[in-house]
Structure formats: C-alpha cells, structure tokens
Amino acid sequence: MIDTKNTPPDHLKATRLKIWRGTSREEGGHQEFEITFEDGESVLDGLTALRRDSVPDLAIRFSCFNANVCKECTMLIDGEVQYACIAKLHTGEMQIDPLPNRPLLRDLITDTLSNKEKI
C-alpha cells in the first residue's frame with residue numbers, strides 16, 4: 001500500500017536540497033531538506049518556498065524575480081557557479097553552497113561588493 005500522505009501528487013517531483021548553513025566556513029555545515037516541485041521551477045523558487053513554509057531563518061539574497069538582471073542570487077549549485085533564478089530543480093539530490101572565494105556572511109549570502117563599492 002502506498003502512503004499517499006507522504007507521496008507527492010503525480011505532477012509534483014521531489015528533491016533533496018543539501019544547503020550550506022552557518023556564519024563561517026569553519027563552523028558551518030550542510031543541512032538537508034526534502035521539497036516537492038513542478039517541472040520548470042528554479043532553485044530560487046525552491047529556496048524561497050522552503051524559507052516561506054518551514055525554514056524562515058534561511059539566509060538567501062535575491063531581488064530579480066527571474067529577470068536575470070541583478071545577479072544577487074548567484075551561488076554554487078551542484079559545484080557550479082549559477083544564478084538560482086535560472087538553474088532548474090531536478091530530482092535526486094542537489095547541493096547548494098555560498099560562492100567560493102568570497103567572505104561568508106550567513107548561509108548562502110556572501111559579501112560580493114568590491115572594495116570600491118563599500119562605503
């Protein structure tokens with residue numbers, strides 16, 4: 001017998017997001033979350049839904065709303081630097097990390113301003 005409570009409807013798929021959490025690279029670590037999604041949804045869609053529904057303290061940065069103009073949602077997705085608003089969710093497991101070689105502020109947020117832009 002299939003447990004329909006824990007089985008997503010036919011049009012939904014499931015993935016496990018392995019997301020970096022913490023305020024330092026030395027003391028932080030990955031936390032795993034199961035989410036459901038529809039074909040075509042972006043990683044940013046999944047992260048914002050996760051934050052809205054169950055992990056309100058997840059720190060992410062975005063403002064483009066899928067317009068690909070702000071570059072604020074840039075992060076490491078499955079080992080590649082990508083825009084979370086463009087990268088698509090897929091079944092299985094996905095690893096999401098903050099940008100490498102940038103100071104980590106918290107979770108998936110890094111300091112991306114150049115020294116010239118800082119006041």
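The values are calculated or read from the model by the stated rules, or taken from the named source; none is laboratory data. Predicted model only: the values in this text are computed from it and were never measured. Positions of Cβ are generated from backbone atoms using ideal geometry, with glycine treated the same way; all protein chains shown enter the neighbour counts.
Key figures
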| quantity | calculated |
| --- | --- |
| Residue match in the stretch 45-62 (condition: more than 22 Å from residue 110 (Cα to Cα), out of contact with any Lys or Arg (no Cβ under 6 Å at 6 or more places or on another chain), modelled with pLDDT of 90 or more and not aromatic (Phe, Trp, Tyr)) | yes |
| Any hit, the stretch 103-110, residues being surrounded by 11 or more Cβ atoms within 10 Å (Cβ to Cβ), hydroxyl-bearing (Ser, Thr, Tyr) and either within 14 Å of residue 17 (Cβ to Cβ) or modelled with pLDDT of 95 or more (or both) | no |
| Pair list, Cβ < 9 Å and 6+ apart or interchain, from the stretch 23-49 residues that are more than 16 Å from residue 78 (Cα to Cα) to residues that are of a type in the set (Phe, Trp, Tyr) and surrounded by 15 or more Cβ atoms within 10 Å (Cβ to Cβ) | 28/20; 45/37; 48/62; 49/37 |
| Index of the failed condition, residue 89 passing every other in (1) closer than 13 Å to residue 108 by Cβ; (2) at pLDDT 95 or above; (3) among the aliphatic types (A, V, I, L, M) | (1) |
| Condition met for residue 58 (hydrophobic (A, V, I, L, M, F, W, C) and in contact with a Phe, Trp or Tyr (Cβ under 7 Å, 6 or more places away or on another chain)) | no |
| The stretch 32-48, residues that are assigned to a helix (DSSP H, G or I) and closer than 16 Å to residue 91 by Cβ | 43, 45, 46 |
| Checking residue 84 against (1) at pLDDT 95 or above; (2) surrounded by 15 or more Cβ atoms within 10 Å (Cβ to Cβ), the condition it does not meet | (1) |
| Matching residues, the stretch 10-31, being in a loop (DSSP other than H, G, I, E, B) and among the β-branched types (Val, Ile, Thr) | 23 |
| The stretch 87-103, residues that are of a type in the set (D, E, K, R) and part of a loop (DSSP other than H, G, I, E, B) | 102 |
